[in-house]
Amino acid sequence: MNKRTFIKLFAAAMAVPALSRLLVWAGGERLKNWAGNLEYSTDRLYAATSLEQVRGYVKKENKLKVLGTRHCFNNIADSTDSFLSLKPMNEVIAVDPATRTVTVSAGITYGQLCPYLDSKGFALHNLASLPHISVAGACSTATHGSGEKNGNLATAVSGLELVIASGDVVNLSRERNGSTFRAAVVGLGALGVITKVTLDIQPTYLVRQYVYENMPLAELRDHFDAIESSAYSVSLFTDWQKQRINEVWVKSRVEERPVFNATPECFGAKLATRNLHPIAELSAENCTEQMGVPGPWYERLPHFRMGFTPSAGKELQSEYFVPRQHAVEAILAMERLRDQVSPHLMITEIRAIAADDLWLSPCYEQPCVTIHFTWKQDWTAVSKLLPVIEKELAPFHARPHWGKLFTTSPVELKRIYTKMPEFVELSRKYDPQGKFRNEYLNKNIFGN
Ligand SMILES: Cc1cc2nc3c(=O)[nH]c(=O)nc-3n(C[C@H](O)[C@H](O)[C@H](O)COP(=O)(O)OP(=O)(O)OC[C@H]3O[C@@H](n4cnc5c(N)ncnc54)[C@H](O)[C@@H]3O)c2cc1C
């Protein structure tokens, strides 16, 4: 190395302050995902506080993964080499009333963003069942909420700042970058480190949440469309027992017309008289307020409250996106598996989601209904059940949730994600040496 190059490299290295190593995530334990079913393959975890630190780290490392809030159930976020956390990069950069957008640093969670946004008079179009997850991590896997007119959370993204493998910064916007943007939003962490996200916002609104109990499955079969379109967001919870939907969670915007009329009975289900957890045996303390009490959008659209454990805790999750036109057939096919499924199941949730144009979104160019399973934490049993479920759903070309457990083969994934070849091409441009790839991506996206 000549003297000039050495001085340049030395100066560059000095300009990037050392990243702080987060030695342990929790009390000296090995680094695990939220559910604790996956121990990550390294605990070399570093935290960046600025774009320059991210760039320096990306240039320096041959292999790395960004770790968001660790809420995926599979090894999509895993690394054998090192992790970069953007947790300290959690600020709101700008709320722009003129363009109706908010720009945030990518480590922010919905739980941090939403109250701030609401205090400025704005809201997001939808949220997942929990606010604890990072915006960048959620959008990267096409995380969704409920509501047949609502696209998944990634559909709110209108701009991204991305550090690609060379350390260069790429800015992409929905308006300017067309297909590259549509490829990058649901990027599965394969294209680079997202450092900023711009999201569409709208004026704040209030939501009322009602829960109905015990809807006969026959009502769902005969009136599926009417039930799904009855409110802004509808979620159906079932344990597949007794030919019924145990709970129907209905979230309606207060200003919306026609107003949701909370009659004591709805398609054979009875209006609940107390707050409920989706798993009726668990305390509703963790859940957002129900019984029609109006409240801000961010305290009603998720099922679970910030500051409390969402869902059950020690669990596994799987979820399949079925094209909307096959919803009833697919639900009935799952019901026929009840005796196999029920012993291992905590609860199933069924939701509707609008179509979008994001390449790797499971709702790419098709409105979907999702059939979700919260499992007891017994991977041996669940791993045997998933192929059975996937076989039943295969005729409907069901797409698995990228962040949950599935056994769908890479060949099938390529068949059902029609934009995968173009996505791979873009990844090769942004990350020619596979710096951001891991076992999950090598198997599911980049395998032959
Ligand atoms: C209790 C519970 C409830 C859930 N409810 C829902 C639900 O209602 N709907 C739903 O669709 N899903 C749901 N999920 C799944 C979850 O929302 C997604 O898996 C989501 O991706 C988690 O975000 P995360 O930040 O924790 O991601 P992580 O698991 O940390 O990472 C996911 C992926 O995003 C990448 N990534 C993260 N940050 C960045 C970044 N800055 N730049 C580039 N890549 C990045 C990672 O590398 C990885 O590939 C739930 C999960 C749990 C545990």
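Quick look at the numbers
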item: Residue within region 186-202 that is in contact with a Phe, Trp or Tyr (Cβ under 9 Å, 6 or more places away or on another chain), modelled with pLDDT of 95 or more, assigned to a strand (DSSP E or B) and more than 18 Å from residue 430 (Cα to Cα) present; result: yes
item: So residue 183, is it modelled with pLDDT of 95 or more, more than 8 Å from the ligand (Cβ to nearest atom) and out of contact with any strand residue (DSSP E or B) (no Cβ under 6 Å at 6 or more places or on another chain); result: yes
item: Criterion violated by residue 364 - all others in (1) closer than 27 Å to residue 38 by Cα; (2) more than 14 Å from the ligand (Cβ to nearest atom); (3) open to solvent by less than 50 Å² (accessible area, probe 1.4 Å); (4) of a type outside the set (D, E, K, R) satisfied; result: (1)
item: Residues located in region 53-91, provided they are more than 28 Å from residue 401 (Cβ to Cβ) and either of a type in the set (Lys, Arg) or touching a helix residue (DSSP H, G or I) at 6+ places or on another chain (Cβ under 7 Å) (or both); result: 55, 59, 60
item: Identity of the residue in region 396-448, in contact with a Pro (Cβ under 7 Å, 6 or more places away or on another chain) and part of a helix (DSSP H, G or I), that ends up surrounded by the most Cβ atoms within 10 Å (Cβ to Cβ); result: 444
item: Unmet criterion (only one of (1) of a type in the set (Gly, Ala, Ser); (2) within 16 Å of the ligand (Cβ to nearest atom); (3) buried (at least 20 other Cβ atoms within 10 Å of the Cβ)) for residue 231; result: (2)
item: Tally of residues being in a loop (DSSP other than H, G, I, E, B) and open to solvent by 20 Å² or more (accessible area, probe 1.4 Å) across region 280-310; result: 13
item: First in region 146-157 and under 19 Å from residue 237 (Cα atoms), second anywhere and outside any loop (DSSP other than H, G, I, E, B) and of a type in the set (Lys, Arg), Cβ under 7 Å, 6 or more apart; result: 146/351
item: Contacts under 9 angstrom Cβ, first residue in region 372-397 being more than 19 Å from residue 350 (Cβ to Cβ) and among the basic types (Lys, Arg), partner open to solvent by less than 70 Å² (accessible area, probe 1.4 Å) and not in a helix (DSSP H, G or I), 6 or more apart; result: 376/312; 376/315; 376/316; 376/345; 376/346
item: Helices (runs of 4 or more DSSP H) contained in region 30-144 and holding at least 3 residues more than 9 Å from the ligand (Cβ to nearest atom) and touching a strand residue (DSSP E or B) at 6+ places or on another chain (Cβ under 8 Å); result: 51-60, 110-119
item: Hey, residue 154 crowded, with 24+ Cβ neighbours inside 10 Å, aliphatic (A, V, I, L, M), more than 7 Å from the ligand (Cβ to nearest atom) and in a helix (DSSP H, G or I) or not; result: yes
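The values are calculated or read from the model by the stated rules, or taken from the named source; none is laboratory data. Quick caveat: nothing in here was measured; it's all calculated off a predicted structure. A quick note on method: Cβ atoms are made from the backbone with ideal geometry, for glycine too, and the neighbour counts reach across all protein chains shown. Ligands, DNA and RNA are excluded from the accessible area calculation, which covers all protein heavy atoms including side chains. Shrake-Rupley method; radii C 1.70, N 1.55, O 1.52, S 1.80 Å.
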